[in-house]
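Asker: My structure is below; once you've seen it, I'll send some questions.
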Amino acid sequence: MSTLPIILVGCGAVARQFYTPALRALAATGEVRVAAIVDPSADARALLHAAFPDAIPAADLDHLSLPNAYPAADTLAVIASPPRWHASQTLDALDRGWHVLCEKPMAARAAESARMIAAADSADRVLAVGHYKRFFAASQTLKTLCSPLGALGPLHSFTIAEGGPFNWPAASPAFFQKRETPGGVLLDIGVHVFDLLLWWLGAPSEFTYADDAMGGLEANARVSLRFGAVTGQIHLSRDWTTAQRYEFEFDHGRVVWTVNDAAGLAVTLRGAPHSLRGTLQEPDGAPAHTHAQSFIAHLRHVVSAVKNHTPVLIDGREGARALHLIEACYARRHLLAQPWLAPAESAAAQRLATSTA
């Protein structure tokens, strides 16, 4: 199988921590070759160039010149830049004839995602979105359990608590600036949560949303949802320590999944005095993928789809579903209750929240 050229657009933390080890793993097996790295920061490019010394560095796509050895129809652009650039860079890449794997969220606005999907359709190119957590054995098992014929019977309710004090190695304060970043914790963490929920349960029949944004970006968010007879609660935070787990109440038991534990689940059967906590395996007894291996598996899936002209599991339309739900939440935003505020402070907070909704 031929080696697929990769154009890595964005050399920040997500590229360093996630894409660099994954691309090196696929390069070691001859599946890909990082042909170029693109970022306006010379320092960021230098860090990635150390990992991929044969890659052509460029400040932006307009200043990138690839040799003829890299035909556009057989090239994959990985868009790992900040969200506000996802749409324009994806459209630029598609216009050059490249296929695209875009990091989550796929765009800053749902309208942008629609343009990206239309451009990929028009160009007959792959547009994949980086919701790699669908490749966790745990999330795949939960999808089976949440189905109408799941082994634990009907799902009744769920609670999700994810996040904690912010410790992502952001390269600039833009991560917290509303003019640079379209959303706070709901867009950052919630996009993965919503993608999984929509995959497991379909679209919610109703929901309410509240956060603590008062002129800036939200650090805490709460969502109450209903999926038919199933009710759910979500708490996301960037500054409070959360339980970091998903809990599901089925007819015949409870399942608990720890955030980002790719292969671990805990099950308590209804009426049983003890719980079973274990690590999932493949049907042949092989260990299920770790978190890092799941990320690689998703990247390998996209690379294979480009090479073999096969559909991707998480295309632009799938990726846009979570973004649409996030926008719907922001449109219905209410201010989180803050009982520690004095009445005058509470009124001022409400005015701020309303003026920036």
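The values are calculated or read from the model by the stated rules, or taken from the named source; none is laboratory data. Note that the structure is a prediction, hence the values are computed from the model and not measured. Here the Cβ positions follow ideal geometry from the backbone for every residue, glycine too, while neighbour counts run over all protein chains shown.
Asker: For the stretch 158-176, does any single residue satisfy the condition of being crowded, with 22+ Cβ neighbours inside 10 Å, touching a residue at least 60 places away in the same chain (Cβ under 8 Å), within 27 Å of Ala266 (Cβ to Cβ) and among the charged types (D, E, K, R)?
Answerer: no
Asker: Any residue in the stretch 332-353 that is closer than 24 Å to Trp199 by Cβ and either of a type in the set (Lys, Arg) or free of Cβ contacts under 8 Å to residues at least 24 places away in the same chain (or both)?
Answerer: Within the stretch 332-353 (the criterion being closer than 24 Å to Trp199 by Cβ and either of a type in the set (Lys, Arg) or free of Cβ contacts under 8 Å to residues at least 24 places away in the same chain (or both)), the answer is yes, since at least one residue qualifies.
Asker: Something else now. Filter the stretch 299-357 down to residues that are polar (S, T, N, Q) and closer than 19 Å to Asp74 by Cβ, then give me how many there are.
Answerer: 3
Asker: Give me the residue from the stretch 207-239 that is in contact (Cβ under 8 Å) with a residue 40 or more places away in the chain and of a type in the set (D, E, K, R) and, out of that set, nearest to Ile160 (Cα to Cα).
Answerer: Arg222
Asker: If I go through the stretch 91-133 residue by residue, how many of them are touching a residue at least 24 places away in the same chain (Cβ under 8 Å), assigned to a loop (DSSP other than H, G, I, E, B) and either touching a Cys at 6+ places or on another chain (Cβ under 7 Å) or of a type in the set (Asp, Glu) (or both)?
Answerer: 2
Asker: Could you please let me know if Ala272 is assigned to a loop (DSSP other than H, G, I, E, B), under 30 Å from Val34 (Cβ atoms) and in the same structural domain as Leu217 (by TED's automatic domain parsing)?
Answerer: So Ala272 does not fit the description; no.
Asker: Of all the residues that make up the stretch 329-350, how many are part of a helix (DSSP H, G or I) and either surrounded by 12 or more Cβ atoms within 10 Å (Cβ to Cβ) or assigned by TED's automatic domain parsing to the domain that holds Ala114 (or both)?
Answerer: Looking only at that region, the number is 6.
Asker: Restricting attention to the stretch 305-326, report how many residues are within 16 Å of Val129 (Cβ to Cβ) and part of a helix (DSSP H, G or I).
Answerer: Of the residues in that region, 13 qualify.
Asker: For the stretch 269-328, give me the residue count where each residue is buried (at least 21 other Cβ atoms within 10 Å of the Cβ) and of a type in the set (Ser, Thr, Tyr).
Answerer: Of the residues in the stretch 269-328, 1 are buried (at least 21 other Cβ atoms within 10 Å of the Cβ) and of a type in the set (Ser, Thr, Tyr).
Asker: To continue, here is another question. What is the residue count in the stretch 211-223 for residues that are within 20 Å of the chain's Cα centre (by Cα), in a loop (DSSP other than H, G, I, E, B) and among the charged types (D, E, K, R)?
Answerer: So the answer is 1.
Asker: Something else now. Quick check: is even one residue across the stretch 85-95 charged (D, E, K, R), in contact with a helix residue (DSSP H, G or I) (Cβ under 6 Å, 6 or more places away or on another chain) and farther than 28 Å from Phe176 by Cβ?
Answerer: no
Asker: In the stretch 118-162, how many residues are farther than 16 Å from Asp195 by Cβ and either at pLDDT 95 or above or in contact with a strand residue (DSSP E or B) (Cβ under 6 Å, 6 or more places away or on another chain) (or both)?
Answerer: Going through the stretch 118-162 one residue at a time, the tally reaches 24.
A quick yes/no check of all residues on (1) in contact with a Phe, Trp or Tyr (Cβ under 9 Å, 6 or more places away or on another chain); (2) within 23 Å of Glu327 (Cβ to Cβ); (3) part of a loop (DSSP other than H, G, I, E, B):
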{"position": "Tyr209", "(1), (2), (3)": "yes, yes, no"}
{"position": "Gly232", "(1), (2), (3)": "yes, yes, no"}
{"position": "Trp240", "(1), (2), (3)": "no, no, yes"}
{"position": "Phe248", "(1), (2), (3)": "yes, no, no"}
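Asker: Turning to a different aspect of this structure: Which ones in the stretch 13-59 are touching a Pro at 6+ places or on another chain (Cβ under 9 Å), under 18 Å from Val100 (Cβ atoms) and of a type outside the set (Val, Ile, Thr)?
Answerer: Arg33, Ala35, Ala36, Asp39
Asker: Determine whether the stretch 173-181 contains at least one residue that is small (Gly, Ala, Ser), outside any loop (DSSP other than H, G, I, E, B) and modelled with pLDDT of 95 or more.
Answerer: no
Asker: Given the conditions (1) farther than 26 Å from Ala262 by Cβ; (2) assigned to a loop (DSSP other than H, G, I, E, B), and given that Arg226 satisfies all but one, which numbered condition is not satisfied?
Answerer: Looking at each condition in turn, Arg226 falls short on (2).
Asker: Looking only at residues that are out of contact with any Lys or Arg (no Cβ under 6 Å at 6 or more places or on another chain) and of a type outside the set (A, V, I, L, M, F, W, C) in the stretch 182-203, which one is modelled with the lowest pLDDT?
Answerer: Pro182
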